[in-house]
Each structure stands twice: as structure tokens, then as C-alpha cells.
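Trainee: Sharing a structure below in C-alpha cells format, with a few things to ask.
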Amino acid sequence: MLIPRLLIYTASYVLVLSSLMVAGIEDYRSRLINDKYWIPAIAAVPLTIYLVVNDIIIESGYVINAMVGVILAASIYVGKFMGEADSIAVLLISIATPPPLMPNPVLLILNLPIISVLINSFIPTLALMLINVYTNVKNRRRCSDSSLIKLILLRCSSVESILKTPLAYSSPGSSLIRAGSDAESYVANLPKDSWIWMQYNYPYVFILAVSYVIYLVVGDIIANYALMHALVIPLIS
């Protein structure tokens, strides 16, 4: 029964990953995600439930993971802290991804899917922030008052590009906590060839997709790195 179990594990991971990657690419391009992209991940839910039943350790890990994900997704949706697609992605990662096959409860908890993906998300987020700073440095002469804070927190963009993907931007004074975009109304009366500072709304589904790939490869990158240094390095030094 080992091979079918591994095949079902693989199928679950592939289904969730396919949804995240397609949705993530669309999120990066336009911040608009068609609900049909979530169908593969939804199909992985019964497979995952089938895998975790009758294994007390894995089942317990799944319950914890699902509870964390459901609470987090509900909080994001109700509080409008991110977009609706972001809350769906968090929910599906938590209920459609089986916990790793680890007999040790501590290792299992350290590598629960939703917690690991959220921790791993600092890597693509940092990468996008650095790209944003690079873009701002390159275009800083187009926008007035290019202070260090603006170079880091905002984006110097043309009105034309803002109108092409308005959901990717918000006015400089917009809330950093609640999701939303008032970009179109903010630049409505400005010439299309002008450049201004705008708040850049990061594509969080794209970030989650990249973080999920990292999870499939190394699990929780921080926890496992710390564990390796705590246990393995002393043995070989």
C-alpha cells in the first residue's frame, strides 16, 4: 500500500501547486484571479482527507493545520487585510495539503504546510521588495522627492502603467493594513505620460505560490535550517 499512498500524496501536492501557480501568475499580472483556477486544489481536499484518516499523528497535524488556516483565512476575509483570493489561497493550502510523512510529532508540527508556507513567504516578499527598490532607483529622476522612505515603501510609476493594472496600486496615503485600490480615481485627471509615487500592492497569491514550492522542496526553511544547525552541525564538527 506504500506506492498508492505516495502517489496520492504526490497528486495532492501537484493539484494544489497547479492552482497556486496559475492563480499566482494571474495575480502578478493583473491582481485578478478567476475562481476556476482553484478547482484543482479543491479536488485535492478529499484526497488529503483520505490520506490523513487512521493515522493519529498525521491526522492530528492535519487538524491543527486546517484550524490555523481556517481561522487565518476567515480573519483575512472579514478584516479585508488582503484580497479575497489571498484568503482562498490560505484556506486551500491548509485543507488541501497533507502534512508530511513524519513519525516525530515535533518535526511534523515544525513542517505543517500553512505555517511553513507563511514563514517561507519572507523569501519571495524580500525579493519583490528588492526588485521594487531597484525599479525606484532606476526611475527616481522621473518622480519628485525621491526620499529613502519612498524608495523602499512606494513605487515610482507612470500613470499609463497604473491605469493598465490599477489593482496593483493604491494612493500613497492608503491604508497599509486593509486591502484596496483607489488608483484609478487617484490618477484620473493626470496626464498618462506623467510619473508619480504610488503604494504598490504586492501579489500575495504569487508570493504564496513561490513559498509553496519552497515548502515542497525543503519544508519550513527557517525551522529546518535551525534544527540542522542545532543537531547535525555539532555531530560533524
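The values are calculated or read from the model by the stated rules, or taken from the named source; none is laboratory data. None of these values were measured; they are calculated from a predicted model. Note: ideal-geometry Cβ built from the backbone for every residue, glycine included; neighbour counts use all protein chains shown. Just so you know, the surface numbers come from the protein's heavy atoms only, side chains and all, with ligands and any DNA or RNA stripped out. Shrake-Rupley method; radii C 1.70, N 1.55, O 1.52, S 1.80 Å.
Trainee: Hey, could you check region 119-147 for residues that are charged (D, E, K, R) and part of a helix (DSSP H, G or I) and say which is surrounded by the most Cβ atoms within 10 Å (Cβ to Cβ)?
Mentor: Step by step, filter region 119-147, then rank; the result is Arg140.
Trainee: Let me ask something else. For region 201-213, which residues satisfy the criterion of being open to solvent by 30 Å² or more (accessible area, probe 1.4 Å) and either in contact with a His (Cβ under 7 Å, 6 or more places away or on another chain) or outside any loop (DSSP other than H, G, I, E, B) (or both)?
Mentor: Tyr204, Phe206, Val210, Val213
Trainee: Taking Ser116 as meeting all but one of (1) open to solvent by less than 30 Å² (accessible area, probe 1.4 Å); (2) farther than 24 Å from Ile88 by Cβ; (3) part of a helix (DSSP H, G or I), write down the number of the exception.
Mentor: Every listed condition holds for Ser116 apart from (2).
Trainee: Within region 182-227, count every residue that is under 28 Å from Val16 (Cα atoms) and out of contact with any Asp or Glu (no Cβ under 6 Å at 6 or more places or on another chain).
Mentor: Going through region 182-227 one residue at a time, the tally reaches 24.
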